[in-house]
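This report concerns only the one structure given below.
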Amino acid sequence: MTLIAPGGRIGILGDGQLGRMMAMAAAELGYYVHIYGQEENSPAAQVSHRSTVASYSDKDALKAFAEAVDVVTLEFENIPTTTVEYLSEFVPVRPNNKVLEITQDRLLEKSFVNNLGIGTTSFANVENLDDLVQAVQQVGTPAVLKTRRLGYDGKGQVKISQASQIDDAWSQMKNAPSILEGFVNFKMEISVIVARSPNGETDAFVPVENLHKNHILDITLAPADIPDRITKNALKMATTIAKKIDLVGLLAVEMFVTKDGDLLVNELAPRPHNSGHWTLDACPTSQFHQIIRAVCGLPLGTSKRHSNAVMKNLIGDDVDGWQDLVKDPDNCLHLYGKAEARDGRKMGHVTKLFDLKKKPTA
Ligand code: AMP
């Protein structure tokens, strides 16, 4: 079934803040949400109609979940593909397993993007120490060694500035299949979030600039301060990738803008993305409304913005400043309902809106 009409039931794999904001958007459009996650009273379950707490390998729980919903989507791409394959026997899963297979593995992802004629930094597959020695010769230094799977927010990454660091870098990977990437001395990091519906309709939000602190997104400036030519290229690249990967849902494409003004794709995420949180307050259709529209086969909403915006993440004990943040009537404050503010944990975010003619600044 392509169209799931309001009143239908949407299953979401994953129970964090992205699932929470998807569930709230789904409720606004008249849907019931059923969360499948690992935690009682999770951020997403708190705002959803139903929730299941079970492992991703629990076939009984997965079958019951699949039979209780009309469509399944996800809030993070590292759901085991065996789980999605099993669910797909009972219910449409959007995005599909092929999208997950590619985006779970940095080597497959970069190869896929390159095969479309879209640039990435140079890279080489690394499965052992000998591979790494060769890869460093091929890619040069500085370079970044990353695990192929399951790395995020800079986890599972080591910079190699000179050949003498090779042994140590490899031992940090603990034999995990890895990829060596040429280090990009970028001018700016940007991202584009594009939606695609089952009938092939696409729409993309404007490219935004992302500033990181300790490898975690700190601030997003919407829009990125880049020339029109780069904006157009970034939108075209993201849309091409979404089409060619046969996406249904949302795809975030992280890119580096090089000093020469070229674009290199760094990473893909087939789900709502932290760099799209500003759309909740600055766009008539947020990224969360857009993914619900896409996976339910509704026409997409506009991705145009009515305001420029700056979004700041509240990480760990940043959230203790909520009393000051909430005093400023111009702050759009979003808190995720997490009880414990651990180091590096995303607890909420705050967005400030600006006139469209005004440049957003950090
Ligand atoms: P990733 O997990 O690939 O998104 O990497 C996290 C962050 O590390 C990126 O947002 C960049 O700031 C930095 N980074 C990752 N890969 C590279 C690279 N090849 N060259 C330079 N910086 C990188």
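The values are calculated or read from the model by the stated rules, or taken from the named source; none is laboratory data. Computed from a prediction, not measured in an experiment: that's the story for all the values here. With ideal geometry, Cβ positions are generated from the backbone for all residues, glycine too; neighbour counts draw on all protein chains shown. Keep in mind that these areas ignore ligands, DNA and RNA; they rest on the heavy atoms of the full protein, side chains included. Shrake-Rupley method; radii C 1.70, N 1.55, O 1.52, S 1.80 Å.
Among 32, 214, 193, whose Cα projects farthest towards the positive end of the dipole of the chain, with charges put on the beta-carbon of Lys, Arg (+1) and Asp, Glu (-1)?
193
Short version: ³J(HN,Hα) in whole Hz for each residue of region 110-126, in order, from phi by Karplus 6.51 cos²θ - 1.76 cosθ + 1.60 (θ = phi - 60°), x for Gly and Pro, what are they?
Here the 3J(HN,Hα) series is 5, 5, 4, 5, 4, 5, 8, x, 9, x, 9, 5, 5, 8, 8, 6, 10 Hz.
What FRET efficiency would be calculated for the residue pair residue 258, residue 159, taking the C-beta separation as r and a Förster radius of 22 Å, to the nearest 0.05?
0.75
Counting only protein heavy atoms, what percent of the accessible surface of the chain is carbon or sulfur at a 1.4 Å probe?
Heavy-atom surface of the chain belonging to carbon and sulfur, 1.4 Å probe: 48 percent.
Taking only Cα atoms and a 10 Å spring cutoff, compute GNM fluctuations for the chain and point out the largest among 90, 256, 76.
90
What order, most packed first, do the peptides 192-198, 311-317 have when packing is the mean number of other Cβ atoms within 10 Å of each residue?
For the peptides 192-198, 311-317, the packing ranking is 192-198, 311-317.
Ignoring ligands, DNA and RNA, what accessible area per residue does region 6-79 give at 1.4 Å, in Å²?
Spelled out: the 1.4 Å probe surface of region 6-79, per residue, equals 39 Å².
Given the DSSP H assignment, sum -39500 (n - 2.57) over each helix run of at least 4 residues in the chain and divide by its residue total; what's the result at 222 nm in deg cm²/dmol, nearest 500?
For the chain, the value works out to -8000 deg cm²/dmol.
What whole-number value in Å² describes the accessible area per residue of region 122-182 for a 1.4 Å probe?
Per-residue value: 54 Å².
Under the rule of at least 5 residues apart or a separate chain, name every residue whose amide H is placed under 5 Å from the amide H of residue 51.
Sorted by chain and number, the residues that satisfy this are 35.
Going from most exposed to least, what order do 83, 240 have by accessible area with a 1.4 Å probe?
Final ranking, largest accessible area leading: 240, 83.
How many percent of the alpha carbon pairs in region 182-248 exceed a separation of 20 Å?
Pairs farther apart than 20 Å: 38 percent.
Kirkwood Rh over Cα pairs of the chain into Stokes-Einstein at 25 °C, 0.890 mPa s: D in µm²/s?
Translational diffusion coefficient: 117 µm²/s.
Quickly rank 201-210, 133-142, 98-107, 322-331 as a protection proxy: mean count of other C-beta atoms within 10 Å, highest first.
The peptides rank, most packed first, as 201-210, 98-107, 133-142, 322-331.
Quickly work out the residue 183-to-residue 302 label distance, labels modelled 7 Å from Cα along the C-beta direction, and quote it in nm with one decimal.
Taking the simple label geometry, residue 302 and residue 183 are separated by 4.5 nm.
Over what distance in Å are the Cα centres of region 109-138 and region 205-236 separated?
So the separation of the two Cα centres works out to 25 Å.
Provide the per residue accessible area, probe 1.4 Å, for region 216-279, rounded to a whole number of square angstrom.
Per-residue accessible area for region 216-279 comes out at 33 Å².
Let me know the whole percent of all Cα-Cα pairs from region 122-182 that are separated by more than 13 Å.
That tail contains 51 percent of the Cα-Cα pairs.
Report the residues of region 37-52 in range of a label on residue 339: point 7 Å along Cα→C-beta, backbone N strictly under 17 Å from it.
Zone members listed by number: 38-47.
Starting from the Cα-Cα distance between residue 328 and residue 55, subtract it from 0.36 nm times their residue separation and give me the gain in nm to one decimal.
Residue separation times 0.36 nm, minus the Cα-Cα distance, leaves 94.1 nm.
Among DSSP bridges having both ends in the chain, what percentage is antiparallel? Round to the nearest 5.
So the antiparallel bridges amount to about 80 percent of the total.
Assuming R0 = 25 Å, what is the FRET efficiency of residue 150 and residue 243, from their Cβ-Cβ distance, to the nearest 0.05?
The pair residue 150/residue 243 has a calculated efficiency of 0.40.
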